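Q: The following block contains the structure, expressed as structure tokens.
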Amino acid sequence: MLTAKEIRESFKSFFNSKGHQIVPSAPMVIKDDPTLMFTNAGMNQFKDIILGNVPARYKRVADSQKCLRVSGKHNDLEEVGLDTYHHTMFEMLGNWSFGDYFKKEAIDWAWEYLVDILKIDPDRLYATVFEGYAPEGLERDNEAASYWEKHLPASHIINGNRKDNFWEMGDTGPCGPCSEIHIDLRSDAERAQIDGVTLVNESHPQVIEIWNLVFMQYNRKADGSLEPLPAKVIDTGMGFERLCMALQGKTSNYDTDVFQPIIGAIGQLCGKKYGEDRQADIAMRVIADHVRTIAFSITDGQLPSNAKAGYVIRRILRRAVRYGYTFLGQHQAFIYTLIPTLIDTMGDAYPELISQKILIEKVIKEEEESFLRTLATGMKLLDKVMADTKEAGMDCINGKDAFTLYDTYGFPLDLTELILKENGLSVDTKEFDAQMQQQKERARNAAAIETGDWVVVKEGEPRFIGYDFTECDAEILRYRKIKQKNKELYQIVLDQTPFYAESGGQVGDTGTLTGEGETIKIINTKKENNLSIHISEKLPKDITATLRAVINKEARLATACNHSATHLLHEALRTVLGTHVEQKGSLVTPDILRFDFSHFQKVTDEELRLVEQLANRKVRQAIPLNEHRNVPIAEAKQMGAMALFGEKYGVEVRVIQYGSSIELCGGTHVANTGNIGMIRIISESSIAAGVRRIEAVSAAKAEELVDFQQDTLKTIRQIFNNVPDITAAIRKAIDENADLKKRTEEFIKEKVALMKESLLKNMKERSGMKIILLKAATPAEVVKDIAFQIRGEVPEHLLFVAGTVDEKNKPLLTVMLSDDLVSAGLNASALVREGAKYIQGGGGGQPHFAQAGGRNPEGISVAIDKIIALAEK
């Protein structure tokens, strides 16, 4: 019997022998086609060639392509796990000809591969051919039928309609008839009763299509008419998992060695045997299928998220988690532990699984743990809702309840619908959609100002002039009193202001309002409903007076340096790591900048150094700020401007440009990159699966960092007597320390051996027990080592009791029991807890070994006596 690996390789080898170039699988996640999120057919990567947009590098091509069907018209998600052959992620074996061979070779080679190479019984094979379509003047594909007649009896060549046997890429473009190959996997007895020809294309689980040969010979024009293609195309696709099922004599794809190793690993984890319980079997199939989808999506750069393709992957993962939780009793993250098994089965063909193993496991584990934290509570709520609905004699739950599950517990609507379906219920989706719309409206109005408590001083429209001025005359338009952490503050709106209000990750300005001999400190500036709100601890005595609004210029400049530095770092990160880097969050203060970005692995020290160097090169070039205000959003995008996280953009936007760095941004920036002085990255870390964070400083703070590092290095040099090679001196000290540590460990081992020998010599036998006592100032780890060594040498009737103190004179009680005493009813944990009362402490452990600490070393002797007395009873 051929293994899955052998079948995959035999296909490639066969078509390679027919002059085909074997190409690697394209990514399953599509980034450059707005019509598709995922590769759902083998031809996707050749779409531009088929459309004539680019020339074919090779006339003949073959591959094994990763595909995913979970959205649009190709959506198999709901069937996955319930039947034997539907999957989300699957492999499609395919061969292509771009203007080279056509129907004869495609049919002859398909037959040769299936019958001569794979030894499939030809009597079990059927072929369909296009029957024609009179309204478009299309005749039966007699050419394909004639080639099939060389291999199959007429009864096994079946006419297929336009729906099944005329393939089209879309409303326009290449199209043509196709010929499907079906296989009958039923037993001989079943085949004798019902002719397989009647079951072709009738959704019978054992009479299935395994290969589709598409003959692209027409071009569908915009008016719907057809014209012959100048270069005909062969496009074939064979379901790898179905082929394995046929060749391995199975009745289910999941019974093949494509899935069985993973299903076996799942069974071991949950203590269930596949084939004994229907619901558990479905759960195992779902998880085995979904873990492949999730792993390959991550390798292709698509992490689980709340948007678009990322949300699809998150839904699939949560679906798998829920099946494991409900039907397999898995209440801890476990799916990530299946990745090594997946690599064993598919790593040879797809080495990206191996190279990204750590990332895949990390992302899946974090996603599992995140969802599991709310799943239990959400399931309890859903169980109650279902029970109440049934009790009320209804079969549809309220959309509000479904929305609560989505909004509070992270249940995608389709997951709720799946659970309801299992319980004979449905959900009011219209009410769910209404709740979703209300939430969006609440979010939009969350910052709306309650004008009832505003004191209006004068009418007017506030203006922000902070891009051009750092101070100006201003008058108060309105104010109100607020309470924040039991502290009374005032919010003030000015008619014009140089104060930047916190937004887009940049903190708000601070400063002063002065007038009539008094100064009011502005401790922060925030934005509410597009108003700049100045926060102070008091109001001016005369709220109608003209005030001088002055920002903290030093803090503003430091903040601007950090904000402009953020833009330069963003560009440098994309240059060094790749254009997949996208900003996921930021914080810009006078002291530091923090930049969160999408990336799938730790940024190396070498990469960080290069990022820093590229950014500082832009600093030294002293590039002037090229600011574009009130630019139409479409025009800004044509300029290549990138949107920054946290900004909200209207029809017109502000564009900040420093040379090739072009961003949409509403923050404050330096007039020239030279003002930044220097950028230093101080840390790089992970903050979420697939999201990294760098922190950096610029300008004066960068100088302070350099000064600190130099002072630290100077101090270290002084400690080592200013040796010329400080690195060598430190390494030598580390080596010497390691050597001393090794010697110390050897000394301790010798001491332990001597102590053990002495304790064994002084062993007492009493009440049927061999009692060994240790009373000395001994480190806890030494006591534990001795206890386990003695247990190994005295395997029966052993009661080991130690009362020791550490270097801080804190007491420690230790009890070790042999297995026979534990079986007789003694418990080390219970004994040590009783003894701990006399040293004013507590502790515990296992039935055979336990320890307790305390505060009263004077009580050690009494504690030991108590433990022995209790053991003797």
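Q: Taking region 801-859 on its own, how many of its residues are surrounded by fewer than 19 Cβ atoms within 10 Å (Cβ to Cβ), more than 45 Å from the chain's Cα centre (by Cα) and part of a strand (DSSP E or B)?
A: 1
Q: Taking interchain pairs and intrachain pairs at least six residues apart, which have beta carbon atoms under 8 angstrom, with the first residue in region 708-725 and within 24 Å of residue 680 (Cβ to Cβ) and free of Cβ contacts under 8 Å to residues at least 24 places away in the same chain and the second surrounded by 10 or more Cβ atoms within 10 Å (Cβ to Cβ) and among the aliphatic types (A, V, I, L, M)?
A: Between residues of region 708-725 that are within 24 Å of residue 680 (Cβ to Cβ) and free of Cβ contacts under 8 Å to residues at least 24 places away in the same chain and residues that are surrounded by 10 or more Cβ atoms within 10 Å (Cβ to Cβ) and among the aliphatic types (A, V, I, L, M), the close pairs are 713/726; 716/726; 716/730; 717/723; 717/726.
Q: Still on this structure, I have one more. Has region 509-525 got at least one residue that is part of a loop (DSSP other than H, G, I, E, B), over 27 Å from residue 701 (Cα atoms) and not hydrophobic (A, V, I, L, M, F, W, C)?
A: yes
Q: From the list 360, 364, pick out the single residue that is within 17 Å of the chain's Cα centre (by Cα) and modelled with pLDDT of 90 or more.
A: Being within 17 Å of the chain's Cα centre (by Cα) and modelled with pLDDT of 90 or more holds for just one of 360, 364, which is 364.
Q: Condition first: surrounded by fewer than 19 Cβ atoms within 10 Å (Cβ to Cβ) and more than 33 Å from the chain's Cα centre (by Cα). Now tell me which residues in region 78-100 satisfy that.
A: Listed by number, the residues that qualify are 99, 100.
Q: Only one of 128, 84 is part of a loop (DSSP other than H, G, I, E, B) and either on the phi < 0 side of the Ramachandran plot or not assigned by TED's automatic domain parsing to the domain that holds residue 200 (or both); which?
A: Result: 84 is the single residue among 128, 84 that is part of a loop (DSSP other than H, G, I, E, B) and either on the phi < 0 side of the Ramachandran plot or not assigned by TED's automatic domain parsing to the domain that holds residue 200 (or both).
Q: Here are the criteria: (1) more than 30 Å from residue 50 (Cβ to Cβ); (2) out of contact with any Leu (no Cβ under 8 Å at 6 or more places or on another chain). Tell me which single one residue 266 does not satisfy.
A: For residue 266, the exception is condition (2).
Q: Further, regarding this structure: Scan region 514-526 and give yes if some residue there is touching a strand residue (DSSP E or B) at 6+ places or on another chain (Cβ under 7 Å), in contact (Cβ under 8 Å) with a residue 60 or more places away in the chain and buried (at least 20 other Cβ atoms within 10 Å of the Cβ), otherwise no.
A: no
Q: Scan 617, 594, 609 and give me the residue that is crowded, with 16+ Cβ neighbours inside 10 Å, in the same structural domain as residue 660 (by TED's automatic domain parsing), among the charged types (D, E, K, R) and under 20 Å from residue 682 (Cβ atoms).
A: Residue meeting the stated conditions: 594.
Q: Quick one: which residue in 282, 263, 194, 181 is free of Cβ contacts under 8 Å to residues at least 24 places away in the same chain and aliphatic (A, V, I, L, M)?
A: 194
Q: Take the residues of region 126-143 that are surrounded by 14 or more Cβ atoms within 10 Å (Cβ to Cβ), farther than 18 Å from residue 194 by Cα and touching a residue at least 60 places away in the same chain (Cβ under 8 Å): which is nearest to the chain's Cα centre (by Cα)?
A: Among those residues, the one meeting the criterion is 128.
Q: Take residue 158 and decide whether it is closer than 28 Å to residue 81 by Cα and either part of a strand (DSSP E or B) or touching a strand residue (DSSP E or B) at 6+ places or on another chain (Cβ under 7 Å) (or both).
A: So residue 158 fails the test.
Q: Among the residues of region 180-214, write down those that are under 40 Å from the mean Cα position of the chain (by Cα) and in a strand (DSSP E or B). So that I can check it myself, show each step before the final result.
A: Initially, region 180-214 is screened for residues under 40 Å from the mean Cα position of the chain (by Cα), giving 180-183, 185, 201-214.
Those that are under 40 Å from the mean Cα position of the chain (by Cα) and in a strand (DSSP E or B): 180, 181, 182, 183, 207, 208, 209, 210, 211, 212, 213, 214.
A quick yes/no check of all residues on (1) under 25 Å from residue 380 (Cα atoms); (2) in the same structural domain as residue 25 (by TED's automatic domain parsing); (3) among the charged types (D, E, K, R):
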| position | (1), (2), (3) |
| --- | --- |
| 297 | no, no, no |
| 306 | yes, no, no |
| 318 | yes, no, yes |
| 328 | yes, no, no |
| 331 | yes, no, no |
| 361 | no, no, yes |
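Q: With respect to residue 569, is the statement that it is buried (at least 24 other Cβ atoms within 10 Å of the Cβ), in the same structural domain as residue 665 (by TED's automatic domain parsing) and not in a loop (DSSP other than H, G, I, E, B) true?
A: Judged against the criteria, residue 569 is a match.
Q: Within region 526-545, which residues are hydroxyl-bearing (Ser, Thr, Tyr) and assigned to a strand (DSSP E or B)?
A: 532, 536, listed by residue number.
Q: May I pose another question? Just to be sure I understand, how many residues within region 112-125 are more than 43 Å from the chain's Cα centre (by Cα) and either touching a residue at least 60 places away in the same chain (Cβ under 8 Å) or in a helix (DSSP H, G or I) (or both)?
A: Qualifying residue count for the region: 6.
Q: Do you know which of the residues in region 476-500 that are assigned to a loop (DSSP other than H, G, I, E, B) and modelled with pLDDT of 95 or more is surrounded by the most Cβ atoms within 10 Å (Cβ to Cβ)?
A: Of region 476-500, the ones assigned to a loop (DSSP other than H, G, I, E, B) are 485-486, 495, 498-500.
Going one step further and asking which of them are modelled with pLDDT of 95 or more, we end up with 498-500.
Values: 498: 24, 499: 30, 500: 25.
Restricting to residues being assigned to a loop (DSSP other than H, G, I, E, B) and modelled with pLDDT of 95 or more, the top hit is 499.
Q: Among the residues of region 367-385, is any under 24 Å from residue 261 (Cβ atoms) and part of a helix (DSSP H, G or I)? I'd like the intermediate steps shown before the answer.
A: We begin by selecting, within region 367-385, every residue under 24 Å from residue 261 (Cβ atoms); these are 367-368.
Those left that are additionally part of a helix (DSSP H, G or I): 367-368.
Yes: region 367-385 contains one or more residues that are under 24 Å from residue 261 (Cβ atoms) and part of a helix (DSSP H, G or I).
Q: Would you tally the residues in region 248-257 being in contact with a helix residue (DSSP H, G or I) (Cβ under 6 Å, 6 or more places away or on another chain) and surrounded by fewer than 21 Cβ atoms within 10 Å (Cβ to Cβ)? Give the derivation first.
A: Going residue by residue through region 248-257, those that are in contact with a helix residue (DSSP H, G or I) (Cβ under 6 Å, 6 or more places away or on another chain) are 253-254, 256-257.
Add one more test, that the residue is surrounded by fewer than 21 Cβ atoms within 10 Å (Cβ to Cβ), and what stays is 257.
The number of residues fulfilling the criteria is 1.
Q: Condition check: among the charged types (D, E, K, R) and modelled with pLDDT under 90. Does residue 131 satisfy that?
A: no
Q: Would you confirm whether or not region 768-776 contains a residue that is touching a helix residue (DSSP H, G or I) at 6+ places or on another chain (Cβ under 8 Å), assigned to a strand (DSSP E or B), assigned by TED's automatic domain parsing to the domain that holds residue 749 and among the charged types (D, E, K, R)?
A: Scanning region 768-776, I find at least one residue that is touching a helix residue (DSSP H, G or I) at 6+ places or on another chain (Cβ under 8 Å), assigned to a strand (DSSP E or B), assigned by TED's automatic domain parsing to the domain that holds residue 749 and among the charged types (D, E, K, R), so the answer is yes.
Q: State yes or no: is residue 287 of a type in the set (A, V, I, L, M, F, W, C) and closer than 26 Å to residue 240 by Cα?
A: yes
Q: Go through (1) buried (at least 18 other Cβ atoms within 10 Å of the Cβ); (2) without any contact (Cβ under 8 Å) to a residue 60 or more places away in the chain one by one and return the number of the condition residue 787 breaks.
A: That leaves (2) as the condition not met.
Q: Taking the residues in region 374-405 that are charged (D, E, K, R) and more than 20 Å from residue 433 (Cβ to Cβ) as candidates, determine which candidate is farthest from the chain's Cα centre (by Cα).
A: Here the answer is 391.
Q: Filtering region 685-700 down to residues that are modelled with pLDDT under 95 and of a type outside the set (A, V, I, L, M, F, W, C), which residue is surrounded by the fewest Cβ atoms within 10 Å (Cβ to Cβ)?
A: 685
Q: How about region 337-346: which of its residues are over 17 Å from the mean Cα position of the chain (by Cα) and surrounded by 17 or more Cβ atoms within 10 Å (Cβ to Cβ)?
A: Hits for region 337-346 are 341, 342, 343, 345, 346.
Q: I'm trying to understand the selection: among the residues of region 538-566, which are crowded, with 18+ Cβ neighbours inside 10 Å, over 20 Å from residue 469 (Cβ atoms) and aliphatic (A, V, I, L, M)?
A: 565
The values are calculated or read from the model by the stated rules, or taken from the named source; none is laboratory data. Note that the structure is predicted; figures quoted are calculated from it, not measured. Cβ: placed from backbone, ideal geometry, glycine included. Neighbour counts: every protein chain shown.
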